[in-house]
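Colleague: First the structure, then my questions, so here it is.
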Amino acid sequence: MNTVGPMLYEGKAKKIFAAARPDQIVQYFKDDATAFNAQKRGTIVGKGIVNNKVSARLFRLLEEQGVPTHFLERLGDREMLAKKVTIVPVEVVIRNVVAGSLAKRLGLRVGDAIRPAIVELYYKNDALGDPLVNDDHLRLLNVATPGVLRELRDLAHRVNNVLQPFLAERKIRLVDCKLEFGVYHNKLILADEISPDTCRLWDMVTGDPLDKDRFRQDLGKVEESYQEVMRRVCD
Ligand code: UDP
């Protein structure tokens, strides 16, 4: 049995609990939603279940395709058993299509394809609002060596190369995706979650967003879109 121990950490969308083994944790997915550096808050009913199930499916797929992840087992609707990692405080964003902050920052047209995909690095720091950084900044901050940064970029492309075709078969366009990595036994592995909270997912037929942008921009049908992603990914 995987007994859940005390809570170790509470984030915006998840709680982390101790697991039976000291080198494992349980991620509990909440329905709480935040956007714009937590200035907008709300609830997306059922989101925790969607994000847990979608993440579990995609982590399993990545493992099958040789990408190391922290995923071990889905324990329940909202609980996932995972390896306990030391998170690298870098948000690795990989982009296949122009959207969001990229469109704003560089004046590019939303929806234009980006080939090959590009990677951006953000320093994970709430107080600073997760600034966009380059390799030199991360080295200056003692966050990552050039070798680790090379590996993060390589892993991000590998994740993208697995997810993009899988989602395309399900008529979902993977616009962009935010990935987090952790160190486990001296090895970098994918951690956190892969969900409509952390990826832009557009319906390939209608072009409609099926992700957290529906919440960010008050587009309506938020719950329905999350359910639709779960149906397409997990069925
Ligand atoms: N993203 C995320 N957490 C963040 C910031 C971004 O999961 O704190 C995801 C976001 O959902 C999108 C991708 O990373 O899929 C790229 O986001 P972008 O830089 O365009 O920022 P946004 O416009 O979402 O603020």
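Colleague: Restricting attention to the range 116-135, which residues are surrounded by fewer than 18 Cβ atoms within 10 Å (Cβ to Cβ), more than 12 Å from the ligand (Cβ to nearest atom) and more than 18 Å from ILE87 (Cβ to Cβ)?
Modeller: Hits for the range 116-135 are PRO116, ASN134, ASP135.
Colleague: Here is a further query. Does the range 214-222 contain at least one residue that is over 21 Å from ASN37 (Cβ atoms), among the small types (Gly, Ala, Ser) and within 16 Å of the ligand (Cβ to nearest atom)?
Modeller: At the first step, the residues of the range 214-222 found to be over 21 Å from ASN37 (Cβ atoms) are 220-221.
Keeping just the survivors that are among the small types (Gly, Ala, Ser) gives 220.
After this cut, where a residue has to be within 16 Å of the ligand (Cβ to nearest atom) as well, the list is none.
Within the range 214-222, none of the residues are over 21 Å from ASN37 (Cβ atoms), among the small types (Gly, Ala, Ser) and within 16 Å of the ligand (Cβ to nearest atom).
Colleague: Continuing with this model, one more query. Answer yes or no as to whether LEU138 is crowded, with 18+ Cβ neighbours inside 10 Å and not charged (D, E, K, R).
Modeller: Details: crowded, with 18+ Cβ neighbours inside 10 Å: yes; not charged (D, E, K, R): yes.
Considered against the rule, which asks whether it is crowded, with 18+ Cβ neighbours inside 10 Å and not charged (D, E, K, R), LEU138 comes out as yes.
Colleague: Which ones in the range 61-98 are under 16 Å from the mean Cα position of the chain (by Cα) and within 16 Å of the ligand (Cβ to nearest atom)?
Modeller: If the condition is that a residue be under 16 Å from the mean Cα position of the chain (by Cα) and within 16 Å of the ligand (Cβ to nearest atom), then ILE87, VAL88, PRO89, VAL90, GLU91, VAL92, VAL93, ILE94, ARG95, ASN96 are the ones that fit.
Colleague: Could I ask something else about it? Need pairs with beta-carbon distance below 8 Å; first residue touching a residue at least 24 places away in the same chain (Cβ under 8 Å) and within the range 159-183, second hydroxyl-bearing (Ser, Thr, Tyr) and more than 16 Å from the ligand (Cβ to nearest atom); sequence gap 6+ or separate chains.
Modeller: GLY182/THR86; VAL183/THR86
Colleague: Test each condition in (1) in contact (Cβ under 8 Å) with a residue 40 or more places away in the chain; (2) in a helix (DSSP H, G or I); (3) under 21 Å from HIS185 (Cβ atoms) for PRO22 and report the one that comes out false.
Modeller: Every listed condition holds for PRO22 apart from (2).
Bear in mind that the values in this text are calculations on the coordinates, not laboratory data. Predicted model, so just to flag it, every value in this text is computed and none were measured. Note that we place each Cβ from the backbone using ideal geometry, even for glycine, and neighbour counts take in every protein chain shown.
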